[in-house]
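Before any comments, here is the structure.
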Amino acid sequence: MPPVLVLIIAVLAVTYAGPAIRLTTAPALAIAFWRLALVLPVTLAASLREARPAIDRTTRVLMVLSGLLLALHFWTWIASLRFTTVASSVLLVNLRPVIVWAIAAAWLHEHPGRRERWGIALAVLGATLIGAGDARISLGALGGDLLALAGALTAAGYSVIGRRVRQTIGVWSYATVVYGVAALTLGLIALLGRSPLTGFGSRDWAVFAALAAGPMLVGHTGMNYALKHFRATTVNVAGLGEPVGATLIAWLAPAIHEVPPVTALAGGAMVLAGIGLSLTDRRGA
């Protein structure tokens, strides 16, 4: 399957993560833990059929660090949804292409081409318009906004490490180690903080399973696959299609039917244009 198609499918798969999380009252740690843990048997089985080259110490350290950052990303982002609006949270997390740009330039010496730079600016501005209508700035929501910003920073680090490591490590082997480290980290944090990981209702488990199957297995793994073929900035700009898809789902689903304002529709068009510019930038990959 062409890498660009994998990336598009991956973005579509993560669109319902935010709305789904709001359907459960389970603690943020439990949501993050189970969306990772439930997907591990699948990634492990796939990794056993994958060629496994010798892994040097630096790569092993980077994979562990990537898992730690992924754990912190899920924890902080999911927790932010409890203290601020979905729009405000998504707005701040969507700053990650800019953060990825800075980290990748400093560490990997990867710089987006002129077309992609315009794509990043256009997509980030469009994502801002989508969330701006419902965003709320208040002292009460400040803690949630800071958590969302932490989610953006940790996601950016996780993505850039993925770009570095995926040049030599297969996607399933990489995903198994990173997801496993992240799940173990969240499990230990939950144990030390006495946050429950069991005892939830059927609706909660359905949400956990849905998050594992779509946003995690297809979404994150698809993006990790794409990191071998595209710059980390390109993959993260494509990820800004998430709020566009979420807006369309909320609009078209009869049970929700939230009609987006004109600014959100304009923002969605800008995001899609920005993604198009980034994906068609021929300057290196």
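Just so you know, all these numbers are worked out from the coordinates, no wet-lab data involved. Not measured: the values here are computed from a predicted model. Backbone-built Cβ (ideal geometry, glycine too); neighbour counts: all protein chains shown.
Give me Rg/Rg_expected for the chain, where Rg uses Cα atoms only and Rg_expected = 2.2 N^0.38 Å with N residues.
Values: Rg = 17.9 Å, N = 285, 2.2 N^0.38 = 18.8 Å.
Rg over 2.2 N^0.38 Å, computed on Cα atoms: 0.95.
Rank VAL207, VAL237, VAL160 by mean-square fluctuation in a GNM of the chain with C-alpha springs under 10 angstrom and give only the top-ranked residue.
So, out of VAL207, VAL237, VAL160, the one fluctuating most is VAL207.
Quickly rank 222-228, 48-54 as a protection proxy: mean count of other C-beta atoms within 10 Å, highest first.
On the way: 222-228: 24.0, 48-54: 9.3.
Per-residue mean Cβ counts within 10 Å order the peptides as 222-228, 48-54.
For VAL93, VAL262, VAL165, VAL4, what's the fewest-to-most ordering of other Cβ within 10 Å of each Cβ? Working shown, then result.
Numbers: VAL93 28, VAL262 9, VAL165 24, VAL4 15.
Ascending Cβ contact count within 10 Å gives the list VAL262, VAL4, VAL165, VAL93.
Given the -39500 (n - 2.57) contribution per DSSP H run of 4+ residues, what per-residue ellipticity at 222 nm results for the chain, rounded to the nearest 500 deg cm²/dmol?
Details: 15 runs with 199 residues, N = 285.
The helix contribution divided over the chain gives -22000 deg cm²/dmol.
Ordered by residue, what ³J(HN,Hα) values in Hz, to whole numbers, does the range 115-122 give under the Karplus form 6.51 cos²θ - 1.76 cosθ + 1.60, where θ = phi - 60° and Gly and Pro are x?
4, 5, 4, 5, x, 4, 4, 5
Please report, in whole Å, how far the alpha carbons of the range 148-239 spread along each principal axis, starting with the longest.
Principal extents (Cα only, largest first): 42, 28, 26 Å.
Could you give me the ³J(HN,Hα) list for the range 207-218, computed from phi with Karplus coefficients 6.51, -1.76, 1.60 and θ = phi - 60°, whole Hz, x at Gly and Pro?
Calculated HN-Hα couplings, in order: 5, 4, 5, 5, 5, 5, 6, x, x, 8, 5, 7 Hz.
For the range 164-208, what is the Kirkwood hydrodynamic radius in Å, using each pair of distinct C-alpha atoms? Provide the component values of the computation, followed by the final result.
Numbers: mean 1/r = 0.0786 Å⁻¹.
So the Kirkwood estimate lands at 12.7 Å.
What is the ratio of the Cα radius of gyration of the range 1-129 to 2.2 N^0.38 Å, with N the residue count, to two decimals? Numbers along the way, then the final one.
On the way: Rg = 17.3 Å, N = 129, 2.2 N^0.38 = 13.9 Å.
Normalised by 2.2 N^0.38 Å, the Cα Rg of the range 1-129 equals 1.24.
Taking the Cα centroid of the range 36-64 and of the range 147-210, what is the distance between the two, rounded to the nearest whole Å?
Using only Cα atoms, the two centres lie 14 Å from each other.
With point charges of +1 on the Cβ of Lys and Arg and -1 on the Cβ of Asp and Glu, referenced to the Cα centre of the chain, which listed residue (LEU277, THR247, THR198) lies farthest in the positive direction of the dipole?
Projecting each Cα onto the dipole axis, the largest value belongs to LEU277.
Sort ARG194, ARG114, ARG96 so that the residue with the fewest other Cβ atoms within 10 Å of its own Cβ comes first and the one with the most comes last.
On the way: ARG194 6, ARG114 10, ARG96 28.
Listed from fewest to most nearby Cβ atoms, that is ARG194, ARG114, ARG96.
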